[in-house]
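Let me begin by presenting the structure, written as C-alpha cells, before commenting on it.
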Amino acid sequence: MLTTMYWGFGSPSNQHRRKIACQENLQKIHVAMEIYANDFGGTFPVAAGARTSEEALAVLVPRYTADTGIFICPGSKDLPLPAGESFRDRKISYAYYLGQRPANPQGLLMSDRQTDTRPKGAGQYAFSETGKPPGNNHGKDGGNFLFCDGHVESTPARVAFSLAVTQGVVLLNPKP
C-alpha cells in the first residue's frame, strides 16, 4: 500500500516525468515553429490583435504539425484537443511570447501558463506558488521555458532570471 501511495499519480517521480514530457512538447512545438519561420521570412507566428496564445499559435495546425497533443502540458488538467484540427477556439496549456524572432536565440519563446502577462524580474513568481490557478501546469513545482534557439529550462515558481520583454514582444497566456 505504501509503495502504491509513493509511486502513485502525485509522487515526485511522476511529477518529474510530466515535467520532462512537457519539455519534450515544447521542443516539438519549436520544430513546427522553425518550419513556419522558414516559410515566413524568419518570423514566428504573428496574429494582429491576438489576446491569447491560442489565437497566435493555431496557424501551426495542421500545416506545420497535426499533433495537437503537444499543445497540452501533461502536468495540466487541460482537456485533449482533436488531432489535426485548429485549436483557435479551444484551450491550450502554453504561453507564447508573440513577436520573437529566430534571430534572437536567447529570447523567451514559450512557457507553461504563467500567473499573469506582466514582465517579471529575477526572484518574482512566474508560476503558481500555491499550486492553484493561474500558472499551475505543474502545481507549485514551477514550470518550463522554451527559448528561441530551442532549448528548454525548468525553473521553480520563483524564476531566477528576468522575464522582461523587448519592444514588439508581448506575452500571451492561454485562455483561462
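The values are calculated or read from the model by the stated rules, or taken from the named source; none is laboratory data. Note that the structure is a prediction, hence the values are computed from the model and not measured. Reconstructed Cβ throughout: ideal geometry from the backbone, glycine too, with neighbour counts over all protein chains shown.
For the stretch 105-116, what are the residues that are crowded, with 17+ Cβ neighbours inside 10 Å and part of a loop (DSSP other than H, G, I, E, B)? I'd like the intermediate steps shown before the answer.
Let us first name the residues in the stretch 105-116 that are crowded, with 17+ Cβ neighbours inside 10 Å, namely 107-115.
Those that are crowded, with 17+ Cβ neighbours inside 10 Å and part of a loop (DSSP other than H, G, I, E, B): GLY107, ARG113, GLN114, THR115.
Identify all residues within the stretch 119-154 that are exposed (fewer than 14 other Cβ atoms within 10 Å of the Cβ) and in contact (Cβ under 8 Å) with a residue 40 or more places away in the chain; write none if there are none.
Listed by number, the residues that qualify are PRO119, GLY121, ALA122, PRO133, ASP149.
Could you list all residues from the stretch 55-90 that are of a type in the set (D, E, K, R) and surrounded by 18 or more Cβ atoms within 10 Å (Cβ to Cβ)?
Correct list: GLU55, ASP78, ARG90.
Scan the stretch 109-118 and tell me whether some residue there is in contact with a Pro (Cβ under 6 Å, 6 or more places away or on another chain), in contact (Cβ under 8 Å) with a residue 12 or more places away in the chain and of a type outside the set (Gly, Ala, Ser).
Within the stretch 109-118 (the criterion being in contact with a Pro (Cβ under 6 Å, 6 or more places away or on another chain), in contact (Cβ under 8 Å) with a residue 12 or more places away in the chain and of a type outside the set (Gly, Ala, Ser)), the answer is yes, since at least one residue qualifies.
Look through the stretch 16-62, keep the residues that are part of a helix (DSSP H, G or I) and hydroxyl-bearing (Ser, Thr, Tyr), and return whichever of them is farthest from ARG90 (Cα to Cα).
Across the stretch 16-62, the extreme among qualifying residues is TYR36.
Which condition from (1) at positive phi; (2) modelled with pLDDT of 95 or more; (3) not polar (S, T, N, Q) is the one that GLY168 breaks?
Of the numbered conditions (1) at positive phi; (2) modelled with pLDDT of 95 or more; (3) not polar (S, T, N, Q), the odd one out for GLY168 is (2).
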